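Accompanying notes for the structure given below.
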Amino acid sequence: MQQHTTQLTPATAANQISKLSLGVVIILYLAHALPLYFYNVALPAILRHQGVDLRWIGMLSLLYIPWAFKFFWAPWIDQLYVKKLGKRKTWLLFTQMALVLGVLVLAFTQFSYGLAVFVIVGLWISTFAATQDIAIDGYTVEKFTDGNSRLGSMAQSIGVALGSMLGGAATLWLYQYWGWQWALSALACMTFVTMFAVFFIREDTQSQIAKAKPSLKRAFQRAEIRWALLLIVCYRVVEAPAMAMLNPMLIDQKWSLSQIGVLMSVIGAAVGLLAAVSAAFLLKKIAATQLLFWAGWLRSALYAVIGFAVILGWLEQWHLLLGLFVVIMLAIRYVAMTSLYAYFMQTSSKEQAGTDFTILVCFELLVYFIGGALSGFLAKSLGYGHFYLLLAIGSVVSVVLSRLIISKTQNQTKFQ
């Protein structure tokens, strides 16, 4: 009786590696999204519930300044590492341990300790999460080729969506029923568990040997990077204020913390997962920039509808209408984010993947955080209705300018 041995073809082996890499990337992005979305989703709702002024809530965005400036140390993350561990694994393990420690310290920090303690611990968590993100981005760009960049981008969006669900909704729910300490201790445990994904990383030792020393200068010398930075300014400048005021507006519409948690981080995350997968499917058919434009036009229309709904009093008559608007906005945001990150991956050089990708993400976050920080002042002076109408006009202008930028980029590429 003959025994048949099934051998894996190179294509099959590649597919298996790709599936493993996809799962690892999802968990890695989940790991850094857990504390990120605690500050982004849970904490603003908690503070507004306690009556904190909108202007102070908007200023929470400034805690993420390290994310906007992490490109300064990104070249070092691409260069320095323990060879026995690997280029990406070295930094992932170190930063993950630092994040767990930071969240544990935050768990035993009370509001009565004053704002300074929250700021110091928040900056610790933010700095190490930002450093970890450099290593994750570098690993993702190195692992996924240009043809599979949509899958890497999809994995990022899925990880962020799950992080929003657990770091936002779960933390809010635990806080409401069990208190601050239990909620943050659970967040620390979740952050610790995701560390095990690091041990499944498979790094190519040849890819760790760069032809030239990674540097900021090399990145900025490339025209593709400069055009991408301009695109970020035009496209993202109006999105941050709109997102930053969602939770405060829900609180002012008498939504409870648990309802906001379910809406933003459970329903929103589920919608985000579907949107990310749908975007990855669409990116097989169309360019990432084209899908980005479609999302921009939908975003503009939604902002206008929200503005009119507030002014005309529709939200007072139909309590759940605002929830519907939030879900649609999150879906559009995840499609745009998947498209934009796919474009970033295509633009980044494989020789200094962490540095190039980090520069683009940092600039995006800088634009986003500045917009979020100013959102409270604008919303308070204009009112929610006129605030969103202004953003609708700004969104139309941003899409038009973004299309012009992409056209210039494509024309320049043809003549190179």
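The values are calculated or read from the model by the stated rules, or taken from the named source; none is laboratory data. Being a predicted model, the structure only gives us computed values, none of them experimental. As a convention, Cβ positions derive from the backbone with ideal geometry for all residues, glycine included, and neighbour counts pool all protein chains shown. Remember, those area values only see protein heavy atoms, side chains included, never the ligands or the DNA or RNA. Shrake-Rupley method; radii C 1.70, N 1.55, O 1.52, S 1.80 Å.
Worth pointing out:
Residue-wise test of (1) at pLDDT 85 or above; (2) surrounded by fewer than 19 Cβ atoms within 10 Å (Cβ to Cβ).
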| residue | (1), (2) |
| --- | --- |
| Val361 | no, no |
| Gly371 | no, no |
| Ala379 | yes, no |
| Gly385 | yes, yes |
| Leu391 | yes, no |
| Gly394 | yes, yes |
| Val399 | yes, no |
| Gln416 | no, yes |
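- Tally, over region 276-300, of residues that are closer than 19 Å to Ala242 by Cα and surrounded by 15 or more Cβ atoms within 10 Å (Cβ to Cβ): 8
- Any chance Ala304 is more than 30 Å from Trp178 (Cβ to Cβ), out of contact with any Ser or Thr (no Cβ under 6 Å at 6 or more places or on another chain), in a helix (DSSP H, G or I) and open to solvent by less than 10 Å² (accessible area, probe 1.4 Å): no
- Residue count for region 338-359, restricted to those that are aromatic (Phe, Trp, Tyr) and open to solvent by less than 10 Å² (accessible area, probe 1.4 Å): 2
- So Leu166, is it open to solvent by 10 Å² or more (accessible area, probe 1.4 Å), modelled with pLDDT of 85 or more, of a type in the set (A, V, I, L, M, F, W, C) and part of a helix (DSSP H, G or I): yes
- Only helices (runs of 4 or more DSSP H) whose full extent lies in region 226-289 are considered here, and the ones with at least 2 residues that are touching a residue at least 24 places away in the same chain (Cβ under 8 Å) and in contact with a Ser or Thr (Cβ under 7 Å, 6 or more places away or on another chain) are 239-244, 268-282.
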